[in-house]
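Everything below concerns the one structure shown next.
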Amino acid sequence: METKIVEFTNKDLIKCIQDGGVVAFPTETVYGLGCIASKEEAFEEMVRVKNRRPDKPFTLMLSSPSEIGKYAYINEKTQKLIDKYMPGEITLLLKPKEHLPHWVTLSSNYIGVRVAGKEEVCTLIANVKEPMLVTSANISGQVSNADFKGTYEVFNNKIPYIVDGETKSAVPSTIVICDEDIALVREGTIKFDEIKKTWED
């Protein structure tokens, strides 16, 4: 497979995603692998490309914070986090709505939801016209790639398109579980103490 280097606005890139292809692109944190969320074959291809366990859900990435309520349950405290930190370098683990496909939730009690703080990523998802499943652009168990060069070296000839661009922080997003209470899964540039204060205020 020949891997083509493109920009976010490339029409062939958008059609590839809509048709179930897996592509790589820079977010504001690290490079991501992404595919359309509504096709099981796209999910299976991303599992294969990343060499990841098929029982571990991918993050659902949306074009706007206003979309979150369509796919996950939001309480008042969670909404405060959404209003303050999204779009941005945070992933919220929320209870999924019942209509989501099984390969999106994998029977998990939570689904990771993210709205990237990089406008081009949000525009890409808006152009695809559906949410995407996204994960860091690395082989499972290896270090995340924060730049185009490292991503190209790993995924050249394995995926059809890689978007050339830059990340900002090079640190994966902060992940928190939002339920009746809040819990830290992974801390990134947004510190948990700050998030917890917003949650409790």
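Inside the range 110-140, residues that are of a type in the set (Val, Ile, Thr), over 26 Å from Asn75 (Cβ atoms) and in a helix (DSSP H, G or I) make up a count of 3. When you check Lys149 against the structure, is it under 16 Å from Gly21 (Cα atoms) and among the charged types (D, E, K, R), yes or no? For Lys149, the condition - under 16 Å from Gly21 (Cα atoms) and among the charged types (D, E, K, R) - is not met. Scanning the range 63-93 for residues that are outside any helix (DSSP H, G or I) and of a type in the set (Val, Ile, Thr), which turns out surrounded by the most Cβ atoms within 10 Å (Cβ to Cβ)? Only one residue tops the list, namely Thr91. Summed over the range 153-197, the residues that are farther than 21 Å from Gly88 by Cβ, over 16 Å from the mean Cα position of the chain (by Cα) and of a type outside the set (Asp, Glu) give a count of 8. All told, Val128 meets the bar of being in contact (Cβ under 8 Å) with a residue 24 or more places away in the chain and buried (at least 20 other Cβ atoms within 10 Å of the Cβ).
Among the residues of the range 12-22, is there at least one that is polar (S, T, N, Q) and either in contact (Cβ under 8 Å) with a residue 60 or more places away in the chain or touching an Asp or Glu at 6+ places or on another chain (Cβ under 9 Å) (or both)? Yes, that holds for at least one residue. Any idea how many residues of the range 1-58 are under 14 Å from Val154 (Cβ atoms) and small (Gly, Ala, Ser)? Residues in the range 1-58 being under 14 Å from Val154 (Cβ atoms) and small (Gly, Ala, Ser): 2 in total. Considering the range 105-118, and only residues there that are touching a residue at least 12 places away in the same chain (Cβ under 8 Å) and more than 14 Å from Ile68 (Cβ to Cβ), the residue that is surrounded by the fewest Cβ atoms within 10 Å (Cβ to Cβ) turns out to be Asn109.
Looking only at residues that are among the small types (Gly, Ala, Ser) and part of a strand (DSSP E or B) in the range 14-62, which one is surrounded by the fewest Cβ atoms within 10 Å (Cβ to Cβ)? Among them, the one singled out is Ala24. The number of residues in the range 94-109 being in a loop (DSSP other than H, G, I, E, B) and more than 17 Å from Arg53 (Cα to Cα) comes to 7.
Does Asn145 satisfy the condition of being at pLDDT below 95, among the polar types (S, T, N, Q) and either in a loop (DSSP other than H, G, I, E, B) or under 30 Å from Thr9 (Cα atoms) (or both)? The answer is yes for Asn145.
The values are calculated or read from the model by the stated rules, or taken from the named source; none is laboratory data. Note that the structure is predicted; figures quoted are calculated from it, not measured. Methodologically, a virtual Cβ is constructed for each residue, glycine included, from the backbone with ideal geometry; neighbour enumeration extends over all protein chains shown.
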